[in-house]
Amino acid sequence: MIGVVGAGAFGTALAVALAVAGREVTLWARDAGHVAAMAEGRSNAARLEGVMFPASLNVTGDLRDVANAEAVLLALPMQALAGFLAAHGAGLNGLPLVAACKGIDLASLRGPTAMVQGLCPQSAVSILTGPSFAADIARGLPTALTLAGQGVEALQPLLSTATLRLYRSDDAVGAELGGALKNVVAIAAGVVMGAGLGESARAALITRGFAEMQRFALSQGAASDTMLGLSGLGDLILTCTSTQSRNLRYGMA
């Protein structure tokens, strides 16, 4: 069984995709009303409208239901991760934990894997990140992501599907920095488009922004190849060019 903690759009999409592929999946949400609505409607209408739950996807509000999972995906907002782990990490400590969030914790300046490892020291910790929109994953559209960190050899076949391809990496720092830094460049790309400066200016902004992403990530110990992969350049291209990107839309606004 695979546990997914966090019933936002991305967590729900991952849970649906894995259940469609034949895995038994348990999706946890903190709000009892949300859990009840999902269980009754067999969908997450509030976060991922129009996507029905397969029979092998169960919903719960009790974290004890994921205590025996082969792996637990932590699909929580980055700024909520520390608080969640401080309250509930003891019950997950020792399980393989996969961060499925992007960003840097504003209080500690730590990324997802360092945050999880610090609060669940007995767990093998990795990160799942890359160019993806929840709606695409849930609809079964082809998507490729980076799985970086500890225990990824065993996790790759467990979390892969016919339409979700995972590429392994041992560079968790680079993978999570790619997912965080691209957001800044995407906002700037949105500003360029919102100001009417044109596609050529956006291409220049993306290119020079990527160079800055590389320099920063390398200074923090990331590998250069990581930034050229899905979790760096791939994620940057998607979030700077698609209006599905909240960061791009924010910059445009």
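Counting only protein heavy atoms and a probe of 1.4 Å, the accessible surface of the chain is 56% carbon and sulfur. Between the residues Leu95, Ser242, Leu57, the greatest Cα displacement towards the positive end of the dipole of the chain, with unit charges on the Cβ of Lys, Arg, Asp and Glu, is found for Ser242.
Simple rule: put +1 on each Lys or Arg Cβ and -1 on each Asp or Glu Cβ in the range 75-234, find the dipole, and look at Val184, Val116, Leu197; the Cα lying farthest toward the positive end is Leu197. Placing +1 on the Cβ of every Lys and Arg and -1 on the Cβ of every Asp and Glu, with no other charges, gives the range 164-248 a dipole of roughly 200 debye about its Cα centre. Stokes-Einstein, applied to the Kirkwood radius of the range 58-171 over Cα pairs at a viscosity of 1.002 mPa s and 20 °C, places its translational diffusion at 147 µm² s⁻¹. Given +1 at the Cβ of Lys and Arg, -1 at the Cβ of Asp and Glu and no other charges, the dipole of the chain around its Cα centre is 440 debye to the nearest 20. Applying the Karplus relation 6.51 cos²θ - 1.76 cosθ + 1.60 with θ = phi - 60° to the range 39-45 yields 3J(HN,Hα) values of 5, 6, x, 6, 6, 10, 4 Hz, where x marks Gly and Pro.
Beyond 21 Å, what share of the Cα-Cα pairs of the range 135-215 remains, rounded to the nearest whole percent?
In whole percent, the long-distance tail amounts to 49.
Calculated mean residue ellipticity at 222 nm for the chain: -14500 deg cm²/dmol, from DSSP H runs with n ≥ 4 weighted as -39500 (n - 2.57), summed, divided by the residue count and rounded to 500. Taking the average, over residues, of other Cβ atoms within 10 Å as the packing measure, peptides 81-94, 137-150 rank 137-150, 81-94 from highest down. Comparing Cα centroids, the range 124-160 and the range 55-98 end up 17 angstrom apart. Under 5 Å between amide hydrogens, built in the peptide plane, is the criterion, and for Ala71 it picks out Gly3 among residues at least 5 positions away or on other chains. Under 5 Å from the amide H of Ser43 lie the amide H atoms of Phe53, each residue being 5 or more positions distant or on a separate chain, with H modelled from the backbone and absent for Pro and chain starts.
The alpha-carbon positions of the chain define a convex hull whose volume is 119 Å³ per residue. Note on the range 1-109: Kirkwood radius taken over Cα pairs, Stokes-Einstein applied at 10 °C and 1.306 mPa s, translational D equal to 114 µm² s⁻¹.
Amide H to amide H distances under 5 Å link Arg110 with Asp105, where only residues 5 or more positions off or on other chains count and H is placed in the peptide plane. Taking every C-alpha pair closer than 8 Å and separated by at least 6 residues, the mean separation divided by the residue count of the chain gives a relative contact order of 16 percent.
The values are calculated or read from the model by the stated rules, or taken from the named source; none is laboratory data. Predicted, not measured: the structure shown is a model, and the values here were computed from it. Cβ atoms come from the backbone with ideal geometry, glycine included; neighbour counts cover every protein chain shown. With ligands, DNA and RNA removed, areas are computed over all heavy atoms of the protein, side chains included. Shrake-Rupley method; radii C 1.70, N 1.55, O 1.52, S 1.80 Å.
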